[in-house]
Amino acid sequence: LDDVLQQEMNLPHPLFGESPIDRDLWLPGEIYTSLFEYQRACLRWLWKLRQQETGGILGDEMGLGKTVQIIAFLAALLYSNQWKGPALILCPATMLDQWVGEFNRWWPPMRTVVLHSSGSAMRVLEENATVKRPAIARRSSFGGGGGGGSSVAASRVGQMAEQLVERVFRHGHVLLATYEGLRRFRKVLLRRKWAYAILDEGHKIRNAEADITITCKQLDTPHRIIVTGTPIQNNLAELWSLFDFIYPGRLGTFEVFDSQFAIPINMGGYANASRLQVEVAYKCATVLRDLIRPYLLQRSKSAVAKDLPKKTEHVVLCRLTTSQRQAYEHFLRSSEMSSIMQGDRRVLYGIDILKKVCNHPDLLDVSPSQNATFGAPERSGKMRVLMMLLKEWHQRGHRVLLFSQTRIMLDILERMVAEQDYTYRRMDGGTPVQTRSSLIHEFNHNSEIFLFLLTTKVGGLGINLVGADRVVIFDPDWNPSTDVQARERAWRLGQTRDVAIYRLITAGTIEEKIYHRQIFKHYLSRKILNDPKQKRFFKMHDLQDLFTLGADDAITTETGELFEGAAVQPPEWHKKKEKEKEKEKEMQDDAGKGKEPADAEEDGASTSTPPVSDDDLLQQLFAMSGVKSIIKHDNIADASNQETALIEKEGKCSGLH
């Protein structure tokens, strides 16, 4: 039967035929015709890596179809009789169903098995085991009497995993598992030789000393592929760890890499670096870029998917409420703060306290169940702004993704959303993996659902939520890729509407400094992957600057001063400009050039109220006392002329890495 199916699978499509990727690699025509040209280029790149017996990093920007490109390449191998054994694909649990669905959509002949409790194969094995052994064994099959029921259960699960893997090697093509699954079943998975090991969201192994990183690097396979939209998140050591998986030895040992690349590049980025240090940093960055370029494929949406809908991103700097400001100032004057400044207490403790205050002062309440008004929106500056945004978007027919880092803050937001009687869904770390894909599918296909509440770590990884066209990131993360992952859920292939992203940040607080750190790390990534000439100072603010609070009556914000020209101008500025234009018009003698009022009406002037644009919405936000400033994030992330201001600002600070 397998031979018959293989012969049938290798026949060209009667309508689409087949298309060559290379002399020995062909792709079924029904797949080839559905791919964009940049995706076909990826298949040629993957084939070249295979011929060299090396690995690579598929680092396309999120939303460009990295999953589809991997599936198309595996389909080409199978179709061209180049298949040498099963492939192992690791991904977050939330994405298992998505991978299965994409395999079924793009190449159904590919037999895919899921090594997870949510997979049908594991459930079938469990049912069969229950029928054969209705009574629980008294002794673990791993030996050691008295193992107990949990040991027996663990051994049974291990045996089922062994059966599943054996089935894949005999009759299947792809085994899908989670990173936790690899850790749990390492004895089963590490002793097998895989044709391919593919790590989706592969930045999971960015920490070279983490147990999961070490385990992944023990996989026996000649071909290793990492799929990630953020190959560099915080520092160059992460890039080394990823390359140590896909091409061990390419960047040398970590000690050599650190001394020859990481340290010189960072030293040359300091504001007070000597000319020699700057030149050495540039040469090191250029050499590093050339070393990694053949094995890192990275394309942006702006370069290869120009037909995507427009995306805009704004940072809304919100004022603290009175209760928030009081709580913030109280902590800065506390004995705990003194202990942090003296080095007797961890800095992260203070950061965590202040981040809670920025979200909602009630998060400091140790007994929220006894507080009848716990989480009241009027006590949070960001929640007041959020309520206004949701109201406007609901009226205009937009649909929203709302991200927060913690489940307790999501609880507060959920209560607010429910009180406003919005239709919503929620997904966080407590949501069973088995139900996550159904929630995603329901949101994308049911336009009656206005809002999706998500934690950043669960809802921001790899999933497709193009049903939304508005994204709110309620609180920033130190790691810029975390927020980037979240925003890219909506702006990706398949989106048909313009997307607007709003980051809510409290002005003058720790959150504003976190946002600055995100920008600095973004420049680090771009320095290595795109432009080695970029100069950047990569040291963090010192403690004194980190634990400060901007004045409420300050005219501007630190971000506005730092990134000149990126701020959205308030209504007063526009009114002034309009008056200047009117005055200039009055001075011009344009008699006979203008139209009579009647003519204007004949040309179709409408008396109906025009739809409110996002620019109008931004001006409405300024009318709220809770908004201090609005920044165009796109202008910051894409600009290169902000370098000097950042260097001068950071150069005044000494402090922590």
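Whole-Hz Karplus ³J(HN,Hα) for the stretch 506-513, in order, using 6.51 cos²θ - 1.76 cosθ + 1.60 and θ = phi - 60°, x for Gly and Pro?
Working through the residues one at a time gives 7, 5, x, 10, 4, 5, 5, 6 Hz.
To the nearest 0.05, what FRET efficiency results for residue 193 and residue 283 with a Förster distance of 56 Å applied to their C-beta separation?
With a Förster radius of 56 Å, E is 0.85.
Please turn the phi angles of the stretch 302-316 into ³J(HN,Hα) values with the Karplus equation 6.51 cos²θ - 1.76 cosθ + 1.60 (θ = phi - 60°), one per residue in order, whole Hz, x for glycine and proline.
Rounded to whole hertz, the list is 5, 8, 10, 10, 5, 8, 5, x, 5, 10, 10, 9, 10, 9, 9.
Pulled fully out, how much extra length does the chain show between residue 555 and residue 210, if you take 0.36 nm times their separation in residues and subtract their Cα-Cα distance?
Difference between extended and current length: 119.6 nm.
Which pairs in the list 66/283; 217/283; 66/521; 48/301; 217/355 are over 27 Å apart, alpha-carbon to alpha-carbon?
Check vs 27 Å cut-off fails for 66/283; 217/283; 217/355.
Classify the stretch 214-258 from the C-alpha gyration tensor, please: rounded if a/c falls under 1.5, else prolate or oblate depending on whether a/b exceeds b/c.
oblate
Local charge sum around residue 158 (other residues, Cβ-Cβ under 11 Å, Lys/Arg +1, Asp/Glu -1)?
Every neighbour counted, the sum reads +3.
Let me check the size of the stretch 246-358 from its C-alpha atoms; what are the radius of gyration and Dmax in Å?
Taking only Cα atoms of the stretch 246-358, I get Rg and Dmax of 22.6, 56 Å.
Among 424, 79, which comes first, second and so on when ranked by fewest other beta-carbon atoms within 10 Å?
Placing the least packed residue first, the sequence is 424, 79.
Around residue 313, which amide H atoms from residues at least 5 apart in sequence, or from another chain, sit under 5 Å from its own amide H, with H modelled in the peptide plane?
501, 633, 634
Once a ≥ b ≥ c are taken as the square roots of the eigenvalues of the Cα gyration tensor of the stretch 401-534, is the result rounded (a/c under 1.5), prolate (a/b larger than b/c) or oblate (a/b not larger than b/c)?
prolate
Going by amide H atoms built from the backbone, whose H comes under 5 Å of the H on residue 426, apart from near neighbours?
Correct list: 453.
Run the simple label-point estimate for residue 365 and residue 407 please: 7 Å along Cα→C-beta, distance reported in nm.
Reported label-point gap for residue 365 and residue 407 is 2.0 nm.
Counting other C-beta atoms within 10 Å, which of 360, 314, 441 has the fewest, and how do the rest follow?
441, 314, 360
Taking 0.36 nm per intervening residue step and subtracting the Cα-Cα distance, what contour gain separates residue 496 from residue 620 on full extension?
Between residue 496 and residue 620, full extension yields 42.0 nm more.
Grab the Cα-Cα distance for residue 395 and residue 347, subtract it from 0.36 nm times how many residues apart they are, and report the gain in nm with one decimal.
That works out to 12.9 nm of additional length.
Karplus couplings for the stretch 544-561 from phi (6.51 cos²θ - 1.76 cosθ + 1.60, θ = phi - 60°), rounded to Hz, Gly and Pro as x?
4, 7, 5, 9, 10, 9, x, 5, 5, 9, 4, 5, 10, 10, 4, 5, x, 6
Lys and Arg at +1, Asp and Glu at -1: add these up for the other residues within a Cβ distance under 11 Å of residue 252 and post the number. Intermediate results must be reported in sequence, preceding the final value.
On the way: positive: 250; negative: 244, 255, 258.
Local net charge: -2.
Please rank 447, 34, 80, fewest neighbouring Cβ atoms within 10 Å first, as an exposure proxy.
Going from least to most buried by this count: 447, 34, 80.
Would you pull out the residues with amide H under 5 Å of residue 65's amide H, same chain only if 5 or more places away, H placed 1.01 Å from N?
493
How fast does the stretch 51-90 diffuse by Stokes-Einstein, in µm²/s, taking the Kirkwood radius from C-alpha pairs at 37 °C and 0.692 mPa s?
Numbers: Rh = 11.7 Å.
For these conditions, the coefficient is 280 µm²/s.
Values quoted throughout were computed directly from the atomic coordinates according to the rules given, and no laboratory measurement underlies them. Just so it is clear, the model here is predicted, and its values are computed rather than measured. No Cβ is skipped: glycine too gets one built from the backbone with ideal geometry, and neighbour counts run over all protein chains shown.
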